[in-house]
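Only one structure is covered here, and it is reproduced in the block below.
Please treat every number below as a calculation from the coordinates, not as lab data. Everything numeric here is computed off the predicted structure, so don't read it as measured data. When we count neighbours, we look across all protein chains shown, and the Cβ atoms used for this are built from the backbone with ideal geometry, even at glycine.
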Amino acid sequence: METRAMANPEQGNQTFITEFILLGFGTLPELQILFLLFLMIYIATVAINLLIVALVVTDQCLHTPMYFFLGNLSCLETYYTSTILPGMLVGLLTEDRTISFNACVTQYYFFGSMAATECLLLAVMSYDRYLAIHKPLHYAACMRGRSCLQLAGGAWIGGFLGNSITTLSISQLTFCGPNGIDHFFCDLIPLVKLSCNDPQLMEMLTFTLCLIFTLVPFLLTLMSYICIIMTILRIPSTMGRQRAFSTCSSHLIVVTIYYGTLLIAYMFPATNTLRDLRKVLSVIYTILTPLVNPLIYSLRNKEVKEALRKAHRKCRVGQC
């Protein structure tokens with residue numbers, strides 16, 4: 001364990017921790033199986049999301065607001081999962097789970113920023129679908145190129161700026177032992193629990209930011225889908241209603257799981273009872289969601305399927 005001595009007029013000489021140990025999944029005998037499972041998930045997540053980004057960029061038929069936001073989401077998911085899984089895979093393979101304080105804070109900054117950005121981006125995407133279905137005649141005027149850039153840019157900037165407040169607060173904390181983080185990555189709550197400082201202020205800050213970046217976007221998303229469903233109910237065709245409900249229900253399930261796991265993980269009190277549950281929830285929103293989102297949002301759409309077929313035909317004739 002790496003430490004550094006600090007002289008403080010009030011506390012005297014005290015040793016502060018500059019290195020942590022990620023306890024992860026403990027000493028489970030199935031760690032090698034977990035390594036292979038998470039490696040396959042990571043490869044599949046990166047490959048699928050990069051494929052969608054490439055299709056959105058290269059296929060003219062996908063140059064629409066909906067696919068612009070889906071491309072942003074896939075790009076985000078690639079970075080999001082890459083902030084956690086590579087380090088976790090190395091730890092599972094080598095059993096070296098140490099991480100420096102600076103690396104830990106950096107990992108949390110990018111993870112937290114991506115999570116906040118995704119919350120905002122999902123709300124933007126639900127608003128886009130609401131306009132397309134509820135106000136189709138005004139959709140083209142409302143969702144021009146500049147508007148799309150502003151909405152997507154606002155989600156990215158808002159997520160990174162918002163998490164900068166938390167990250168700056170973490171960097172000011174002192175850690176005097178123990179140095180074992182009971183998690184598989186540097187998350188906010190386990191870090192605060194290890195701090196020598198009074199956790200009340202950080203817990204209040206966490207709750208407030210989670211309220212702003214998770215609960216508010218979730219409620220906006222929910223309201224958008226309620227309006228969408230009410231519009232769908234007015235569709236005269238039974239087949240049309242079924243197709244629209246199928247798409248909306250799958251989207252709503254995904255966003256509910258994502259927002260729900262985040263809300264439970266960060267807004268509920270930090271107790272020992274919820275400790276293991278938080279790890280399970282973290283696996284859902286950090287590892288499984290980036291894999292499932294492109295499958296639900298993009299690869300089920302007929303336009304994306306057609307773009308894949310065109311790309312496959314080009315590759316067969318040697319044009320890719």
Just how far, in whole angstrom, is the range 91-130 from the range 225-244 if you go by their alpha carbon centroids?
35 Å
Residues meeting the amide H criterion for residue 183 (H placed from the backbone, H to H distance under 5 Å, 5 or more places apart or on another chain) are 23, 24
Total lysine pairs under 19 Å (Cα atoms) in the chain, excluding pairs fewer than 8 apart on one chain:
4
Which whole-Hz couplings ³J(HN,Hα) result when phi for each residue of the range 36-45 is put into the Karplus expression 6.51 cos²θ - 1.76 cosθ + 1.60, θ = phi - 60°, listed in order with x for Gly and Pro?
5, 5, 5, 5, 5, 4, 5, 4, 5, 4
By how many nm would the segment from residue 89 to residue 64 lengthen if fully extended, with 0.36 nm per residue of separation less the alpha-carbon distance?
5.3 nm
Per-residue HN-Hα couplings for the range 256-266 [Karplus 6.51, -1.76, 1.60; θ = phi - 60°; Hz; x = Gly/Pro]:
5, 5, 5, 5, x, 5, 5, 5, 5, 5, 10
Once phi is turned into ³J(HN,Hα) by the Karplus curve 6.51 cos²θ - 1.76 cosθ + 1.60 with θ = phi - 60°, what whole-Hz value does each residue of the range 76-89 show in order, with x for glycine and proline?
4, 4, 5, 5, 4, 5, 6, 6, 10, 4, x, x, 5, 5
Exposed-site-free run, longest, the chain (rule: GluC sites (Glu not before Pro); DSSP loop; at most 16 other C-beta within 10 Å):
96-320
Classified through the alpha carbon gyration tensor (a ≥ b ≥ c as square roots of its eigenvalues; rounded if a/c is under 1.5, else prolate when a/b is larger than b/c, else oblate), the range 174-320 comes out oblate
What residues have an amide H closer than 5 Å to that of residue 20, excluding those fewer than 5 places away on the same chain, when H is modeled at 1.01 Å from N in the peptide plane?
99, 100, 101
Taking Cα atoms, the helix 302-316 axis meets the longest principal axis of the chain at an angle in degrees (rounded to 10) of 90 degrees
Distance in nm between residue 231 and residue 309 label points, each 7 Å along Cα→Cβ, equals 2.7 nm
Counting sequence-distant residues (5 or more places) and residues on other chains, those with an amide H built under 5 Å from that of residue 301 are none
Dividing the mean separation of Cα pairs under 8 Å (6+ apart) by the residue count of the range 79-208 yields a relative contact order in percent of 28 percent
Which angle from 0 to 90°, rounded to the nearest 10, does the C-alpha axis of helix 216-232 make with the longest principal axis of the chain?
20 degrees
Zone reached by a paramagnetic label modelled 7 Å from residue 249 Cα along Cα→Cβ, restricted to the range 221-235 with backbone N below 15 Å, covers 229-230, 232-233
